[in-house]
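Read through the structure below, which is laid out as structure tokens, and then see the notes.
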Amino acid sequence: MKLALLERLNQARAEKRPVCLLRFLDSHEEALIVDGERVWGGPLPADVAEAAGQALREDRSRLVETSKGRVFLQVFNPPLRLVLIGAVHIAQALAPMAALTGYAVTIVDPRRAFATDTRFPDIDLVSEWPDEALEALAPDRRTAVVTLSHDPKLDDPALSVALRSDAFYIAALGSSRTHRKRLERLREAGFTDAELARIHGPAGLDIGAVSPAEIAISILAEMTAVLRRGTAQVPSSRGESRS
């Protein structure tokens, strides 16, 4: 590998940007894709670019046969992170589920009676106010932020920081009525409709979830769809009954 290419690769990784290194085994050429854009190497055929994009979405390096021969796609994705606002019952179900799927989970809640090691063993707990905590955590393109507290004093500041970040998934728990009121408050705070459209609310896919564990499954499913496909494939709407 050329030194200049290695430096670009290391720089992108240090910036926590999705990177795919392409090694053309037949021609011994190399290419580098960062954030979906080629930054090293010659023009890429459509099938090569598509294969690299799929490898990045699936977090999996692979050898593929293409119009340019055999290509080894080496993926360097930043680690996945999930920040949950509110140490509530749903968080108790969602945190371990997300950890099993590869997320480093952080729960933010200044209410120490809720955020305890007993309730959340082996989970990183932060007792700062959500906006301060999220500013320090600096959500990136591989970070999901989900507010669960039902308390606007906690959820709204967190959403404000998340909307100014590169977080790939932002969601808020609550009924459709609650979400409309939430959007009104954030709109008054200066956010545009386009910005607010990034919030998945009510959080999770509409699978008829009732229990905390089922709601956690619906949120993780929607999060996965956005991560892997760029969008959730099932409407997110649980109706008016959820507070």
Along the range 102-111, Karplus-curve 3J(HN,Hα) (6.51, -1.76, 1.60; θ = phi - 60°) to the nearest Hz, with x for Gly and Pro, reads x, 8, 7, 9, 10, 10, 10, 6, x, 7
Size of charge dipole - the chain - debye, nearest 20, with Cβ of Lys, Arg +1 and Asp, Glu -1, no other charges = 220
Just tell me which lysines come within less than 30 Å, Cα to Cα, of residue 68; anything on the same chain fewer than 8 places away is out.
-> 2, 16
Farthest positive-ward along the chain dipole, Cα basis, beta-carbon charges - from 67, 217, 31 | 67
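Which whole-number percent gives the relative contact order of the chain, counting Cα pairs below 8 Å spaced six or more residues apart?
With pairs under 8 Å counted, the relative contact order is 14 percent.
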By a straight-distance test (C-alpha under 24 Å), which lysines pair with residue 153 as possible cross-link partners, with residues fewer than eight away in the same chain excluded?
-> 181
Picking from 212, 157, 45, which is most flexible by a Gaussian network model of the chain using Cα springs under 10 Å?
-> 45
Would you mind finding the longest exposed-site-free stretch of the chain, with exposed trypsin sites (Lys or Arg not before Pro) meaning DSSP loop and at most 12 other Cβ atoms within 10 Å?
-> 113-243
List the DSSP H helices in the chain whose Cα atoms stretch 15 Å or more along the helix axis and whose mean Kyte-Doolittle hydropathy is at least 1.6.
-> none
With semi-axes √(5λ) of the Cα gyration tensor in Å defined as stated, name the option among (i) 25, 19, 18; (ii) 41, 25, 15; (iii) 37, 18, 17 computed from the structure displayed.
-> (iii)
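Every number here is computed from the coordinates shown, using simple stated rules; none is lab data. If you're wondering where the values come from, they're calculated on a predicted model, not measured in any experiment. With ideal geometry, Cβ positions are generated from the backbone for all residues, glycine too; neighbour counts draw on all protein chains shown.
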